[in-house]
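Let me begin by presenting the structure, written as structure tokens, before commenting on it.
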Amino acid sequence: MNSAFILSLLKGLWGTIVLSLLTFLFGGLIGFVIALARISPIAAVSRAAAAYIEITQGLPLLVLMGLCFYGPSIFGYDSFSPLAAATFALTLYASAYLGEIWRGCIQAVAKPQWEAAECLGFTRWQRMRAVILPQALRIAIPPTVGFMVQIVKNTSIASLVVGYAELSYNAKIINNATFQPFLYFGIAALMYFAICYPLSVQSRALERKLNVGHR
Amino acid sequence: MSAIVELKDVRKSFGNLEVLRGVTFNVNRGEVAAIIGQSGSGKSTALRCMDRLETIQGGSMLICGHQLHDDDVDLKSLRRDVGMVFQSYNLFPHLTVVQNIMLAPRMVKGIKAKEAREIADTVISKVGLREKMDYYPEQLSGGQQQRVAIARSLAMEPKLMLFDEVTSALDPQLTGEVLRVMEQLAADGMTMILVTHEMAFARKVADRVIYMRDGKVHEMGSSDILRTPATPELASFVSESAEH
């Protein structure tokens with residue numbers, strides 16, 4: 001083991017964390033818009049959101065990653081930076097899944113709640129904001145935290161095409177120099193586990209906690 | 001007395017199933033009307049149409065001056081005029097009692113917090129639950145939740161209140177406390193239309209009893225029709241109800 005390699009893995013770990021957070025931020029923002037669009041009473045909006053979800057979920061993340069990284073240069077534009085390309089591809093992926101997860105959570109709020117709010121004279125947006133979303137949020141927290149685990153793990157796909165220095169990419173580079181795949185990929189695996197396991201535990205704990213009082 | 005509810009030949013279908021097949025009746029200001037009838041007779045649908053939770057397909061419906069079959073009916077002002085209470089209470093579970101009550105006055109009418117709080121104090125006293133102001137719905141009994149739901153509706157100062165089988169989910173003891181609140185409302189002069197299975201309550205409080213059968217008004221009159229029904233169908237419905 002070489003301390004320079006360990007340091008490189010730790011830098012990669014930081015790269016993974018940054019990419020995960022950016023993905024969650026942008027994927028979450030767009031996913032929220034997608035979820036709302038998906039249940040829009042305007043058919044065209046709802047269909048457009050459904051198409052976005054279908055197409056994005058129908059493509060492997062690796063292919064999305066390749067399109068985002070190589071796509072601009074194919075059409076004669078400057079390439080995105082590796083981080084921008086990876087964030088872009090992961091945002092597409094995460095927004096489609098989060099959009100679908102959150103749509104389910106919004107629709108899981110009982111219909112009579114909509115009706116009660118309707119009868120009190122709330123507009124559609126007021127109903128959503130004051131009555132439905134606060135209840136949907138409780139339902140959404142466990143699956144959302146669970147999906148964050150997927151995001152963290154899937155950032156590793158960025159290593160295959162875009163060359164952003166995240167954990168898997170750095171492990172690959174070190175392996176190319178040392179030919180000790182078991183050691184360095186093993187350490188990388190432990191680092192992924194160190195992030196993902198607490199998230200999984202948290203997700204299960206939240207599920208138990210929020211299920212009890214359906215407040 | 002002037003009619004604030006006028007139904008003329010109202011028709012409504014769900015797919016191929018015609019649920020309302022020409023319903024006609026009026027309710028005057030200050031009256032209590034009880035709609036009774038078997039399950040599937042269309043009574044709840046008729047009530048839900050009055051607050052436009054369902055749209056009617058034929059005939060006309062005039063509620064507090066709003067023509068409901070117009071596409072451009074002003075829903076916001078209709079719902080300021082009409083309050084609705086449901087069988088399943090439908091309180092907002094993430095809000096306390098007082099927040100449940102204050103939410104609509106504040107958001108829909110734009111009333112200031114202090115004033116909304118005073119309204120909440122008044123209506124919660126009417127239903128006798130002042131001490132439960134800061135409880136969450138799940139901490140209350142079914143009867144208490146239903147009384148809060150009534151208070152929440154009252155806070156919007158409706159001209160007409162609709163009650164959709166509001167005691168059907170409650171055991172007899174809790175039913176009593178809800179019915180007492182409704183009786184007081186009736187005594188205060190609120191115009192009320194209730195879909196109910198509580199024959200004793202209808203007999204005691206209703207100015208008008210509407211017996212629905214197969215999507216139509218089969219018999220209608222003062223509460224006397226429950227004692228001396230004119231049609232054999234109502235007679236057998238009343239005697240069946242008495243057995244339960």
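Determine which aspartates and glutamates satisfy two conditions relative to residue A:111: a Cα distance under 17 Å, and not lying fewer than 8 residues away in the same chain.
Cα-Cα hits under 17 Å: B:51, B:54, B:164.
Place a point 7 Å from the Cα of residue B:24 along the Cα-to-Cβ direction; which residues of the range B:45-74 have their backbone N under 13 Å from it?
Residues B:59-60 fall inside that zone.
Kindly flag which residue pairs out of B:132/B:204; B:8/B:216; B:112/B:132; B:43/B:216; B:8/B:159 have an alpha-carbon separation exceeding 19 Å in this structure.
Over 19 Å Cα-Cα: B:132/B:204; B:112/B:132; B:8/B:159.
Within 10 Å, count the other beta carbons around each residue, average over each peptide in B:116-128, A:181-193, B:146-158, and list them highest first.
Output ranking for B:116-128, A:181-193, B:146-158: B:146-158, B:116-128, A:181-193.
Placing +1 at every Lys and Arg Cβ and -1 at every Asp and Glu Cβ, with all other atoms neutral, what dipole size does chain B have around its Cα centre, in debye to the nearest 20?
So the dipole magnitude of chain B works out to roughly 520 debye.
Count, for each residue of A:107-119, the Cβ atoms from other chains sitting within 10 Å of its Cβ, then give me the mean as a whole number. All intermediate terms of the calculation are to be shown ahead of the outcome.
Details: counts 0, 0, 1, 3, 1, 5, 6, 2, 7, 13, 6, 6, 18.
Per residue, the average neighbour count from other chains is 5.
At what distance in nm do the modelled label points of residue A:200 and residue A:74 sit from each other, each positioned 7 Å from its Cα along Cα→Cβ?
A separation of 3.6 nm, rounded to one decimal place.
Just to verify a number: FRET efficiency for residue A:180 and residue A:17, C-beta to C-beta distance, R0 = 22 Å, to 0.05?
Efficiency at R0 = 22 Å is approximately 0.35.
Take the Cα radius of gyration of the protein assembly as shown and divide it by 2.2 N^0.38 Å, with N its residue count; two decimals is plenty. Spell out each step's value before the answer.
On the way: Rg = 29.8 Å, N = 459, 2.2 N^0.38 = 22.6 Å.
After normalising by residue count via 2.2 N^0.38 Å, the value is 1.32.
So, counting K/R as plus one and D/E as minus one, what does the shell of residues with Cβ under 11 Å around residue A:127 add up to? Mind showing how you got there, number by number?
On the way: positive: A:124, A:129; negative: A:115, A:118.
Net local charge, residue A:127 excluded: 0.
Quick check on packing: order B:200-208, A:40-48 by the mean number of other C-beta atoms within 10 Å, highest mean leading.
Result, highest mean first: B:200-208, A:40-48.
Quick check on the protein assembly as shown: of the DSSP beta bridges with both residues there, what percent are antiparallel, nearest 5%?
55
What is the sum of charges, Lys and Arg at +1 and Asp and Glu at -1, for the other residues whose Cβ falls under 9 Å from the Cβ of residue B:45?
+2
Please work out the Cα center distance from the range B:96-124 to the range B:197-218, rounded to the nearest Å.
33
Extending each Cα 7 Å along its Cβ direction at residue B:99 and residue B:157, get the distance between those two points in nm, one decimal.
Going from the residue B:99 label point to the residue B:157 one covers 2.6 nm.
For the range B:62-180, give the magnitude of the charge dipole about the Cα centre (Cβ charges: +1 Lys/Arg, -1 Asp/Glu; no others), in debye to the nearest 20.
480
Report, by chain and number, residues whose modeled amide H sits under 5 Å from the one on residue B:22, excluding near sequence neighbours (fewer than 5 apart, same chain).
Excluding prolines and chain starts, which carry no amide H, the hits are B:10, B:11, B:12.
Enter the mean number of other protein chain beta carbons within 10 Å of the beta carbon of each residue in A:120-131, as an integer.
Values: counts 17, 16, 6, 4, 0, 0, 4, 1, 0, 1, 8, 7.
Taking the mean over all residues of the peptide, I get 5.
In peptide B:86-95, what is the residue-averaged number of other protein chain Cβ atoms found within 10 Å of each Cβ?
6
We did not get these values from a lab; they are worked out from the coordinates using the rules stated. Computed from a predicted model, the values in this text were never measured in an experiment. Please note: Cβ atoms are built from the backbone with ideal geometry, for glycine as well, and neighbour counts cover all protein chains shown.
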